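So the structure is just underneath, and the comments pick up after that.
The values are calculated or read from the model by the stated rules, or taken from the named source; none is laboratory data. Quick caveat, the model's predicted, so the values are computed rather than measured. Cβ placement follows ideal geometry from the backbone for every residue including glycine, while neighbour counts extend to all protein chains displayed. When the accessible area is computed, the model is the full protein with side chains, heavy atoms only, and any ligands, DNA or RNA have been set aside. Shrake-Rupley method; radii C 1.70, N 1.55, O 1.52, S 1.80 Å.
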Amino acid sequence: MEQIDMAEEKKQLRKKIEATTEMARIMGEYFYELDKAAKSPEKKVAWCTSVGPAELLRAMGFYVHFPENHGAILGSSRMASDLIPYANAIGYSPDICSYLTSDVGAYLQGVTPLSRVYEGIESIPEPDVLVFNTNQCRAVQDWLAWFGREFDAPVLGIHTHRGISDVTNLHINSITAQLEALVNPLEEIMGSPLDPAELERVVGLSRECSELWKKVLDTAAARPSPFTFFDGTIHMGPAVVLRGTQPAIDYYKLLLAELESRISSGEGAVEGEEFRLYWEGMPIWGRLRAHSELFASNRACVLASTYCNSWIFTRFDGADPFKSMARAYTELFIVRSDEIKEQYIKEMFDTFQIDGIIYHDARTCLDNTNSRFGMPQRLEEETGIPSLTINGDLNDLRCLSDEQTNTSIEAFIEQLEEMR
Ligand code: SF4
């Protein structure tokens with residue numbers, strides 16, 4: 001009886017988003033279309049890093065698979081921790097990106113979580129080409145290189161400058177030239193030329209998708225917030241894998257309307273929202289639900305994050321596709337210096353009226369972990385907004401102590417309460 005009461009209480013604490021059903025439908029269509037393309041000799045499949053040049057690939061007619069999306073599904077299905085050791089056994093360290101090691105491990109074991117959800121899909125799609133951008137980290141290059149050798153497929157890439165303070169013409173010209181240099185080899189693989197009008201169209205669609213995704217995330221500035229970071233990690237799916245397509249735009253219009261209606265009726269994502277928190281770093285995919293429930297049961301709403309904002313590319317401009325892609329993919333948070341990152345987070349604190357910030361120190365992702373070089377201390381001193389750093393990982397649950405995490409989060413929320 002008590003268990004039922006607790007389940008009911010949890011249900012009330014976190015509000016379900018109705019649009020989720022439509023998102024599941026369009027994501028299903030995407031995975032089936034990709035699977036069909038991989039099985040058809042006339043169609044070409046490109047693998048692309050999540051903040052790589054998806055628009056160019058799409059405009060050229062490639063069906064695009066995003067290994068990081070597969071990595072996140074391996075994490076959220078909690079298959080990752082068992083698969084990582086298979087990649088370790090062939091020389092890929094347990095300390096490097098656990099998306100990479102779980103994805104390689106899954107391939108070596110001949111499994112994919114997609115099979116559990118989508119009947120008939122038995123494997124990830126075989127690539128005709130793999131394209132990376134090192135704007136996020138170096139691991140993506142090694143990751144795609146491994147699969148390139150495995151499938152005997154060409155690997156192409158863009159090497160982005162890192163730790164950038166001001167994005168200058170020097171950076172933009174270099175990335176623009178690298179993007180343009182991809183066209184010839186991709187045309188050869190595709191067997192047909194790039195249609196510039198199609199590229200303009202796709203970049204324009206990506207821009208529209210980005211603007212809508214930003215509006216969705218910005219709804220969290222309302223008090224109470226209609227949307228949480230945990231919702232965002234799920235609903236960002238179309239912004240990652242379907243940007244540059246109409247279904248992603250239609251989906252975000254639907255989601256935005258639902259969130260705006262929640263705001264009008266004063267309905268929060270977390271019942272009785274008392275504390276508004278910011279999440280810095282990667283999600284812990286295998287604990288999304290548990291963490292969402294933990295915060296909600298403490299009347300805390302984690303409502304904004306750097307992570308979900310990383311798929312906002314409002315710099316895209318269909319009229320100037322190469323240069324605007326270069327700018328959008330270089331102005332990313334992850335590419336920038338700590339000074340710019342701190343400025344950005346301070347702006348987020350103001351926009352979303354944040355009471356506290358949680359840093360996730362992800363053991364295997366240095367580039368998306370910002371708590372190791374004094375940032376929490378500097379920001380706390382400057383803003384007075386308290387921080388908590390939790391140790392864990394995006395996919396490798398062996399790096400996580402649930403008990404310790406839960407205790408620290410509860411103590412942190414108590415601290416926020418005492419500060420009132
Ligand atoms: S940013 Fe982190 S999680 Fe993403 S691919 Fe690079 S190392 Fe892996």
Problem set entry | Restricting segment 139-155 to residues that are open to solvent by less than 50 Å² (accessible area, probe 1.4 Å) and free of Cβ contacts under 8 Å to residues at least 24 places away in the same chain, the residue that is nearest to the ligand (Cβ to nearest atom) | A145
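Restricting attention to segment 113-133, does a residue exist that is within 13 Å of the ligand (Cβ to nearest atom), under 23 Å from the mean Cα position of the chain (by Cα) and within 27 Å of T369 (Cα to Cα)?
The initial filter retains those residues of segment 113-133 that are within 13 Å of the ligand (Cβ to nearest atom), namely 132-133.
If we keep only those that are under 23 Å from the mean Cα position of the chain (by Cα) too, we end up with 132-133.
Now restrict to residues that are within 27 Å of T369 (Cα to Cα): 132-133.
Scanning segment 113-133, I find at least one residue that is within 13 Å of the ligand (Cβ to nearest atom), under 23 Å from the mean Cα position of the chain (by Cα) and within 27 Å of T369 (Cα to Cα), so the answer is yes.
Let me confirm something: among S192, S206, which residue is polar (S, T, N, Q) and over 21 Å from V51 (Cα atoms)?
Details: S206 fails: over 21 Å from V51 (Cα atoms).
S192 is the lone residue from the list that is polar (S, T, N, Q) and over 21 Å from V51 (Cα atoms).
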For this session: Can you tell me which residue within segment 375-384, out of those that are open to solvent by 70 Å² or more (accessible area, probe 1.4 Å) and touching a helix residue (DSSP H, G or I) at 6+ places or on another chain (Cβ under 8 Å), is farthest from the ligand (Cβ to nearest atom)?
Result: E382
Problem set entry | Conditions (1) in contact with a helix residue (DSSP H, G or I) (Cβ under 7 Å, 6 or more places away or on another chain); (2) under 21 Å from S98 (Cβ atoms); (3) open to solvent by 30 Å² or more (accessible area, probe 1.4 Å); number of the one not met by T134 | (3)
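Is segment 71-80 home to any residue that is within 11 Å of the ligand (Cβ to nearest atom) and under 16 Å from L144 (Cβ atoms)?
Going through segment 71-80, the residues within 11 Å of the ligand (Cβ to nearest atom) turn out to be 71-72, 75.
If we keep only those that are under 16 Å from L144 (Cβ atoms) too, we end up with 71.
Taking every residue of segment 71-80 in turn, at least one turns out to be within 11 Å of the ligand (Cβ to nearest atom) and under 16 Å from L144 (Cβ atoms).
Among the residues of segment 326-346, what is the count of those that are aliphatic (A, V, I, L, M) and within 16 Å of the ligand (Cβ to nearest atom)? Walk me through how you get there before you give the answer.
Kept after step one, since they are aliphatic (A, V, I, L, M), are these residues of segment 326-346: 326, 328, 332, 334-335, 340, 345.
Remaining after also requiring within 16 Å of the ligand (Cβ to nearest atom): 332, 334-335.
Residues that pass the stated criteria total 3.
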Problem set entry | Members of segment 347-360 that are of a type outside the set (V, I, T) and either under 21 Å from the mean Cα position of the chain (by Cα) or within 16 Å of the ligand (Cβ to nearest atom) (or both) | E347, M348, F349, F352, Y359, H360
Exercise. What number of residues within segment 375-420 are outside any helix (DSSP H, G or I) and either free of Cβ contacts under 8 Å to residues at least 24 places away in the same chain or more than 13 Å from M282 (Cα to Cα) (or both)?
Worked result: 9
Seminar exercise, completed: Screening I164, I158, I175 for residues that are touching a helix residue (DSSP H, G or I) at 6+ places or on another chain (Cβ under 7 Å), surrounded by fewer than 19 Cβ atoms within 10 Å (Cβ to Cβ) and of a type in the set (V, I, T) leaves only I164
Seminar exercise, completed: Residue hits (segment 361-374; of a type outside the set (S, T, N, Q) and either near the ligand (Cβ under 7 Å from one of its atoms) or touching a residue at least 40 places away in the same chain (Cβ under 8 Å) (or both)) are D361, A362, R363, C365, L366, D367
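V216 - would you say it is away from the ligand (no atom under 16 Å from the Cβ), within 22 Å of N368 (Cβ to Cβ) and out of contact with any Gly (no Cβ under 9 Å at 6 or more places or on another chain)?
Working: away from the ligand (no atom under 16 Å from the Cβ): yes; within 22 Å of N368 (Cβ to Cβ): yes; out of contact with any Gly (no Cβ under 9 Å at 6 or more places or on another chain): no.
It is false that V216 is away from the ligand (no atom under 16 Å from the Cβ), within 22 Å of N368 (Cβ to Cβ) and out of contact with any Gly (no Cβ under 9 Å at 6 or more places or on another chain).
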Seminar exercise, completed: Per the filter on segment 45-70, residues over 16 Å from F313 (Cβ atoms), away from the ligand (no atom under 16 Å from the Cβ) and not aromatic (F, W, Y) are V45, A46, M60, G61
For this session: Answer with yes or no whether I121 is surrounded by 18 or more Cβ atoms within 10 Å (Cβ to Cβ) and under 30 Å from L255 (Cβ atoms).
Result: yes
